[in-house]
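To start, the structure under review is shown below, and the notes come after it.
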Amino acid sequence: MADTFALESPIPGSMESLTVSTGVTQLNPAKYVQKGTRTKNASTAFITVETADLRFTVDGSTPVSGGNGHRILNAANQVFILRGMDSIRNLKMTREGGADCKVNVTYFYA
C-alpha cells in the first residue's frame, strides 16, 4: 500500500525542478514567494528526489557530501516535506556521491 501525505496548505502554487550537483543548491525565491497585489510566502514545500542521493540542511549550515546534513537515498523516489518559511528559505542541498541529483519541488500556500 502506498504512503500518503497530508499537506497542511491545500493551495498548490508554483513548481520547480533543480539539479543538485557538487556545489550548494537552494530553492528559488521567485518560486516560493508570490508577488502581486498581496505577497504570499509558501508555507509548505513538497520535494521529491528523482535521481541519485543527496544531503540537505535547513539550519543555514552547508551540507557536505559524506559529512553533515540529512542524507536522502534515492530508493523508490524519496519524498520530504518542509513546513515553514524559515525551513524553505534555509534549505541547502548537495549531491551525495558521484552522480548529480534531480529534485522536483511543489510549493503550497495557506
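The values are calculated or read from the model by the stated rules, or taken from the named source; none is laboratory data. Since we're looking at a predicted model, the values are computed, not measured. Cβ atoms come from the backbone with ideal geometry, glycine included; neighbour counts cover every protein chain shown.
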> Across segment 47-75, what is the number of residues that are buried (at least 19 other Cβ atoms within 10 Å of the Cβ) and closer than 18 Å to PRO10 by Cα?
Replying inline: 1
> Exactly one of (1) under 12 Å from PHE46 (Cα atoms); (2) touching a Lys or Arg at 6+ places or on another chain (Cβ under 8 Å) is unmet by THR94. Its number?
Replying inline: (1)
> Among the listed residues SER65, SER61, which satisfies the condition of being more than 14 Å from the chain's Cα centre (by Cα) and modelled with pLDDT under 95?
Replying inline: SER65
> Of all residues in segment 76-90, which are surrounded by 15 or more Cβ atoms within 10 Å (Cβ to Cβ), among the aliphatic types (A, V, I, L, M) and not in a helix (DSSP H, G or I)?
Replying inline: LEU82
>> Anything in segment 94-107 that is over 14 Å from GLN78 (Cβ atoms) and under 12 Å from the mean Cα position of the chain (by Cα)? List them, or say none.
In response: THR94, THR106, TYR107
> MET93 is checked against (1) at pLDDT 95 or above; (2) in a loop (DSSP other than H, G, I, E, B) and fails just one. What number does that condition carry?
Replying inline: (2)
>> Given (1) part of a helix (DSSP H, G or I); (2) farther than 16 Å from GLU16 by Cβ, identify the lone condition not met by THR37.
In response: (1)
